[in-house]
1. Answer with yes or no whether B:Y19 is hydroxyl-bearing (S, T, Y), part of a helix (DSSP H, G or I) and within 10 Å of chain A (Cβ to nearest Cβ).
2. Among the candidates B:L48, B:L55, B:L43, B:L62, which residue alone is more than 8 Å from chain A (Cβ to nearest Cβ) and closer than 20 Å to A:E22 by Cα?
3. Any residue that is among the aromatic types (F, W, Y), part of a helix (DSSP H, G or I) and either at pLDDT 90 or above or touching a strand residue (DSSP E or B) at 6+ places or on another chain (Cβ under 7 Å) (or both) - is there at least one of those in region A:33-49?
4. Residue check, C:G79 against (1) more than 8 Å from every other protein chain (Cβ to nearest Cβ); (2) in contact (Cβ under 8 Å) with a residue 40 or more places away in the chain; (3) under 30 Å from A:N48 (Cβ atoms); (4) not polar (S, T, N, Q), all met but one. Which one?
5. Since C:A66 meets every condition but one in (1) hydrophobic (A, V, I, L, M, F, W, C); (2) modelled with pLDDT of 90 or more; (3) within 19 Å of the chain's Cα centre (by Cα); (4) over 30 Å from B:E67 (Cβ atoms), which condition does it not meet?
6. Can you name every residue in region C:24-42 that is in contact (Cβ under 8 Å) with a residue 60 or more places away in the chain and assigned to a loop (DSSP other than H, G, I, E, B)?
7. If I filter region B:104-113 down to residues being of a type outside the set (S, T, N, Q) and in contact (Cβ under 8 Å) with a residue 60 or more places away in the chain, which single residue comes out as surrounded by the fewest Cβ atoms within 10 Å (Cβ to Cβ)?
8. Filter region B:46-94 down to the residues that are charged (D, E, K, R) and in contact (Cβ under 8 Å) with a residue 12 or more places away in the chain and list them by number.
Amino acid sequence: MRKIATLVFLVFVAFLLYGAYEMRDFGRPPSDMDDYIIENSQKETGANNAVTAVVFDYRGYDTLGEATVLFTAVAGVMAMFRRRDDHA
Amino acid sequence: MINNVPFFAVMLLIAIGLYTILFKRNLIKIAMGIVIVEAGVNLFLITLGYREGGLAPIYTHLPSGVEIPGGLVLPVPQALTLTSIVIGVAILALILSFVVRIYRHYETLDSRNIRRLKE
Amino acid sequence: MPDEGLSPVVRVIAAMLFPFILIFSLYVILHGHLTPGGGFQGGAIGASAVVMLIVAYGARWVESKAGEESVSVLESLGGLMFVVTGLLGFILAATFLSNFLVGEALFGEIPAFGSNPGILNTGGTLPLLNIAVGLKVIGGLASVVLIMALGSRGEAA
């Protein structure tokens, strides 16, 4: 079992090294969609902060999913620590 | 190649976290390994959106002389990283509550002794 | 033991610092569309203020003041406000979670293009969504820490 785990780990580290070596240049990303968002976010949403406009207006559905994940985590923790004498 | 130092830091973090998940026996150390892999993935998402010499994409008191879509960093990877950090916190809360429950039932934290059904 | 709290010096300083940290977190939540910050960041600051009270005074004292039910009601109120704002966008305008307050009276000024000192009246539905997510994060994180501290009473290692 340990031999299989060692082999899988070494193959994955080799893949990570190859990926980090062949990655694109660090400071020059392709940016067509983000240029549109930076230029037009004040006209369409009226907010000064482009990151908040992306989180709540252009991608608001993802924020709704994340609020659901937080709710599920709190419900799971409450289910784990339930005592038998209260909530009868 | 000397320009890609942040990507090598991401590779180092993910490799250390994966080693801790695969080869350690204590349950708390496995939970720490999951958190280290999560941190590496968040760093990778942020360094994908960096523009050289750029400022934050916020228009309040922006200094004059900055060209508008060319001198600011990209806002979309920062939004994805925000969501990922909150999901990491939720996963850590659930994992730790499971560990407390397992310890109360089995009286040990060694992951090799938690295999039989205890009466 | 998570029940007794710490010495009186720590208790006095925690009681003095608690309202200032709470006001700072409300400032970061409300100005989310002008400065760096927003719902999640301000909610984490507010939850850390409540956790400071739990560490200094003990979990049983905090539960006698505001029980674990009222903290989880706060979280549900935040989630409900988020969904109601989205459904209002669906009824009054085109799609779910659309920005139907831009140009209206409540939060609807449009600032001039370029650098400006921030105007609080802008943003559309963004301040309402920020408040909803801030309440949800404060309630959620404080509830998790309170339940874990109450559930491990008498577990001396």
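1. yes
2. None of the other options fit; the residue is B:L43.
3. yes
4. (1)
5. In the conditions (1) hydrophobic (A, V, I, L, M, F, W, C); (2) modelled with pLDDT of 90 or more; (3) within 19 Å of the chain's Cα centre (by Cα); (4) over 30 Å from B:E67 (Cβ atoms), C:A66 misses (2) alone.
6. Listed by number, the residues that qualify are C:H31, C:G32, C:H33, C:L34, C:T35, C:G38.
7. Among those that are of a type outside the set (S, T, N, Q) and in contact (Cβ under 8 Å) with a residue 60 or more places away in the chain, it is B:R112.
8. Within region B:46-94, B:R51 is the sole residue that qualifies.
The values are calculated or read from the model by the stated rules, or taken from the named source; none is laboratory data. Because the structure is a prediction, the values reported are computed rather than measured. FYI the Cβ positions are ideal-geometry reconstructions off the backbone, even for glycines, and counts take in every protein chain you see.
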